[in-house]
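Novice: The structure is given below, and queries will be raised subsequently.
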Amino acid sequence: NFSRVTEFILLGLSDTRELQVLFFTFFFLAYAMVLLGNLLIIVTVRTDPKLSSPMYFLLCNLSFIDICCTSVTSPRMLVDLLSQRKAIAFEDCIAQLFFLHFVGASEMFLLTVMAYDRYTAICKPLHYTAIMSRQVCWVLVSACWVGGFLHSIVQTLLTIQLPFCGPNTIDNYFCDVPPVIRLACTDVYITEWLIVSNSGLISLVCFLVLVTSYTFILVTIRVRFTEGHWKALSTCASHVMVVTLFFVPCIFIYLHPFSTFPSYKHICVICTVFSPVMNPLIYTLRNNEVKASMWKLWKRCRV
């Protein structure tokens with residue numbers, strides 16, 4: 001009700017026409033890989049009874065979240081790369097901001113749950129079936145979505161209560177909290193620190209929990225040198241790669257005052273594009289069970 005700005009102008013990744021065409025080709029292929037790769041994982045896990053363990057159930061949910069996460073930013077970015085005027089309505093900007101933090105925080109919580117699943121499977125194998133039952137998995141996944149929703153509601157409410165009456169240029173290719181609140185016509189010092197304590201601490205705490213769980217896993221594997229544990233270590237290494245690509249940029253972006261770095265759009269590409277692309281590649285090419293199930297699915301489709 002206090003806003004006079006009706007739209008924002010997104011500057012995008014570049015204002016050079018040749019680079020925009022190059023970026024469009026690259027990001028279109030990346031978006032297609034995210035959709036096809038993660039959809040393939042979901043279909044494979046859902047159709048193969050052998051992939052019914054909690055790890056694959058969580059992997060299926062991670063693939064769905066990755067599709068949602070990249071779909072919040074990539075389609076709009078692709079359209080803007082071919083447009084002369086990259087304008088987004090105020091309501092659409094707030095909606096993009098809300099859904100971005102909704103699925104982004106949900107993915108953080110889900111990656112933490114996946115690390116807990118691997119910790120339980122390796123460090124407490126005798127109790128794994130009882131601890132990670134299907135009911136527990138559903139509760140944990142539901143908690144991830146609820147936590148993401150509550151986080152996003154807080155971020156959105158802190159943003160929309162600000163008055164916007166002056167500049168409307170966002171130096172990014174999507175709407176996010178840091179560049180949007182810098183355009184407010186008021187002092188945002190308190191709001192900025194509230195958002196940092198929310199987004200930044202969530203990113204940092206989840207990352208520390210992940211590092212702690214993987215540390216326990218490494219200690220356990222150091223004592224037990226078996227083929228099954230080395231296989232689990234390979235799986236954990238894949239998780240660590242995804243975690244690094246996703247959490248480090250988020251911690252860098254949200255765990256400091258936003259005025260310190262006026263633009264971080266090139267860092268955002270890592271967690272909004274590269275991380276969702278890496279997930280299907282890592283979890284399929286490094287997992288023999290998933291590759292075997294995909295091959296069976298391909299043979300059934302050909303018949």
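Novice: Please determine, in degrees from 0 to 90 and to the nearest 10, the orientation of helix 275-285 with respect to the longest principal axis defined by the Cα atoms of the chain, where the helix direction is its Cα long axis.
Specialist: It is inclined by approximately 20 degrees.
Novice: Return the calculated 222 nm mean residue ellipticity for the chain, to the nearest 500 deg cm²/dmol, obtained by summing -39500 (n - 2.57) across DSSP H runs with n ≥ 4 and dividing by the residue count.
Specialist: Rounded to the nearest 500, it is -24500 deg cm²/dmol.
Novice: Given R₀ = 30 Å, what would the calculated FRET efficiency be for residue 274 paired with residue 136, taking r from the Cβ atoms and rounding to 0.05?
Specialist: Rounded to the nearest 0.05, the efficiency is 0.45.
Novice: At 1.4 Å probe size, put 265, 124 in order of accessible surface, largest to smallest.
Specialist: Most to least solvent-accessible, the answer reads 124, 265.
Novice: Pull out the extension gain between residue 300 and residue 281, defined as 0.36 nm times the separation in residues minus the alpha carbon to alpha carbon distance; nm, one decimal.
Specialist: Contour length minus Cα-Cα distance gives 4.6 nm.
Novice: So for the stretch 71-220, averaging the separation of alpha carbon pairs under 8 Å that are six or more residues apart and normalising by length, what relative contact order in percent results?
Specialist: Over the stretch 71-220, the number comes to 33 percent.
Novice: Tell me the label-point distance for the pair residue 248, residue 218, using the 7 Å Cα-to-Cβ offset, in nm and rounded to one decimal.
Specialist: Result for the modelled spin labels: 1.4 nm.
Novice: Turning to a different aspect of this structure: Taking a probe of 1.4 Å, how large is the accessible area per residue of the chain, in Å²?
Specialist: 49
Novice: Further question: Let me cross-check residue 289: its accessible surface, 1.4 Å probe, with only protein heavy atoms counted, in Å² to the nearest 10?
Specialist: Result for residue 289: roughly 80 Å² accessible.
Novice: Can you tell me the 0 to 90 degree angle between the C-alpha axis of helix 17-47 and the longest principal axis of the chain, rounded to 10?
Specialist: Helix 17-47 sits at roughly 40 degrees to that axis.
Novice: Another question, then. Provide, for the chain, the number of lysine pairs with alpha carbons under 20 Å apart, each pair being eight or more places apart or on different chains.
Specialist: Lysine pairs meeting the criterion: 8.
Novice: At a probe size of 1.4 Å, how large is the accessible area of residue 24, to the nearest 10 Å²?
Specialist: Per-residue accessible area (residue 24): approximately 60 Å².
Novice: Also: Before anything else, pin down the relative contact order of the stretch 130-187: Cα pairs under 8 Å, at least 6 apart, normalised by residue count, whole percent.
Specialist: 31
Novice: Which distance in nm do the two modelled labels at residue 241 and residue 123 give, with both placed 7 Å along the Cα-to-Cβ direction?
Specialist: Placing both labels 7 Å beyond Cα along the Cβ direction yields 2.4 nm.
Novice: Could you pull out which residues in the stretch 49-76 have an amide N less than 18 Å from a spot 7 Å beyond the Cα of residue 95, following the Cα-Cβ vector?
Specialist: Output list for this probe position: 68-76.
Novice: Can you give me the relative contact order of the chain as a percent, contacts being Cα pairs under 8 Å and 6 or more apart?
Specialist: 27
Novice: Ok, one more. As a test question: what accessible area, to the nearest 10 Å², does residue 7 have when a 1.4 Å probe is rolled over all protein chains in place?
Specialist: Surface accessible to solvent at residue 7 totals approximately 50 Å².
Novice: Further, regarding this structure: Against the longest principal axis of the chain, how steep is helix 134-160, in degrees 0 to 90 to the nearest 10, with axes from Cα atoms?
Specialist: For 134-160 against the chain, the angle is about 10 degrees.
Novice: Within the chain, what whole-number % of the accessible surface is contributed by carbon and sulfur, with the 1.4 Å probe and all protein chains included in the calculation?
Specialist: For the chain, the apolar C and S fraction of the accessible surface comes to 70 percent.
The values are calculated or read from the model by the stated rules, or taken from the named source; none is laboratory data. None of these values were measured; they are calculated from a predicted model. Because the Cβ atoms are built from the backbone with ideal geometry, glycine has one as well, and the counts that use them run over all protein chains shown. Ligands, DNA and RNA are excluded from the accessible area calculation, which covers all protein heavy atoms including side chains. Shrake-Rupley method; radii C 1.70, N 1.55, O 1.52, S 1.80 Å.
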